[in-house]
Amino acid sequence: MQVLHPSMLIAPPNTNENIMNEQKSFHDTSFLPCQSKIPLEFIWPDHEKPCLTPPKLHVPPIDLKAFLSNDPQEISNACSKVNEACKKHGFFLVVNHGVDNKLIAQAHKLIDDFFSMQLLEKQRAQRKIGEHCGYANSFIGRFSSKLPWKETLSFRYSNDKSCRIVEEYFVNVMGEDFRQFGSVYQDYCEAMNKLSLEIMELLGMSLGVGNNYFREFFEGNESVMRLNYYPPCKSPNLALGTGPHCDPTSLTILHQDQVEGLQVLVDEKWHSIVPKDDAFVVNIGDTFMVWFTLLQGSIKWDIQELFA
């Protein structure tokens with residue numbers, strides 16, 4: 001579901017072809033994997049290029065089922081790990097999360113199905129300038145240099161039980177043939193919504209404000225689901241799937257496929273997060289980091305006052 005600290009994905013290498021279609025490649029990313037010399041607009045400056053052999057980041061796995069079991073020791077262990085991870089870099093994993101593996105597999109398959117379609121088909125969901133939802137490749141119109149080597153499809157989810165907003169979006173934009181497509185992602189978003197609220201309980205407990213503090217605040221949330229596709233690249237040392245960035249949101253929940261690429265900047269060095277089929281990567285964003293900092297500060301201030 002919706003990806004404080006910058007992360008990037010590096011496109012893997014693939015096949016070869018000449019550059020006669022460079023201009024077209026900006027719009028039709030089916031040409032991107034075939035570039036023997038990638039267009040200058042996709043080349044990043046040396047100081048922003050990825051580390052091709054990064055050290056692995058220690059990202060603690062949190063057993064969510066154990067945390068939700070009401071076992072005091074399990075709750076204490078999970079809260080301690082999350083608190084430490086949030087202070088260090090803002091990333092942790094959740095395992096035993098309860099999301100159906102078949103649903104996850106379906107979601108990944110449909111990503112492949114969508115991005116393998118012809119460009120004209122995908123452009124039925126074309127993102128309009130100034131909007132956050134829809135199909136986009138290389139963010140045409142937003143940047144003229146340092147373009148990301150990727151395609152994306154984004155859509156909104158609202159925790160409104162009166163409608164199936166995701167399913168309706170795909171039917172309205174792509175047609176009735178995409179109802180099943182939209183139904184799968186409706187179910188996936190609902191599973192992510194449930195998971196995100198459980199993670200909010202964990203974050204509330206780790207900060208000492210109780211499990212309902214953040215859960216109640218985010219109960220009626222709206223979020224953005226983003227499907228990212230990074231075409232193979234002949235020169236992965238020059239391009240980036242996604243450039244260095246901070247997530248402005250409260251929470252990002254990411255499921256990776258088996259192509260390693262996510263990197264996190266910790267202590268001025270890029271580290272990789274290895275993909276795990278049975279885990280979701282959780283990143284607390286800038287919005288939540290402000291809360292985290294303020295609550296840490298207020299709790300410390302209260303203790304100082306008590307013992308003044």
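The values are calculated or read from the model by the stated rules, or taken from the named source; none is laboratory data. These numbers come from a predicted model, not from an experiment. Note that we place each Cβ from the backbone using ideal geometry, even for glycine, and neighbour counts take in every protein chain shown. Ligands, DNA and RNA are excluded from the accessible area calculation, which covers all protein heavy atoms including side chains. Shrake-Rupley method; radii C 1.70, N 1.55, O 1.52, S 1.80 Å.
Per-residue answers, yes or no, for (1) of a type in the set (A, V, I, L, M); (2) open to solvent by 20 Å² or more (accessible area, probe 1.4 Å); (3) outside any loop (DSSP other than H, G, I, E, B); (4) at pLDDT 95 or above:
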position	(1), (2), (3), (4)
Thr15	no, yes, no, no
Lys24	no, yes, yes, no
Ile62	yes, no, yes, yes
Asn70	no, yes, no, no
Gln73	no, yes, yes, yes
Asn77	no, yes, yes, yes
Glu84	no, yes, yes, no
Lys87	no, yes, yes, no
Phe114	no, no, yes, yes
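Report every pair of residues separated by at least 6 positions or lying on different chains whose Cβ atoms are under 6 Å apart, first residue within the stretch 161-182 and open to solvent by 30 Å² or more (accessible area, probe 1.4 Å), second in a helix (DSSP H, G or I).
Sorted first by the residue in the stretch 161-182, then by its partner, the pairs are Arg164/Gln186; Val173/Ala125; Arg179/Val171.
Which pairs have Cβ atoms under 7 Å, sit 6 or more apart or on different chains, and link a residue in the stretch 220-246 that is under 20 Å from Tyr135 (Cβ atoms) to one that is part of a loop (DSSP other than H, G, I, E, B) and of a type in the set (Lys, Arg)?
Filtered contacts from the stretch 220-246: Asn228/Lys150; Tyr229/Lys150; Tyr230/Lys150; Gly241/Lys150; Thr242/Lys150; Gly243/Lys146.
Val99 versus (1) assigned to a loop (DSSP other than H, G, I, E, B); (2) at pLDDT below 95; (3) of a type outside the set (Gly, Ala, Ser); (4) open to solvent by less than 50 Å² (accessible area, probe 1.4 Å): which is the lone unmet condition?
(2)
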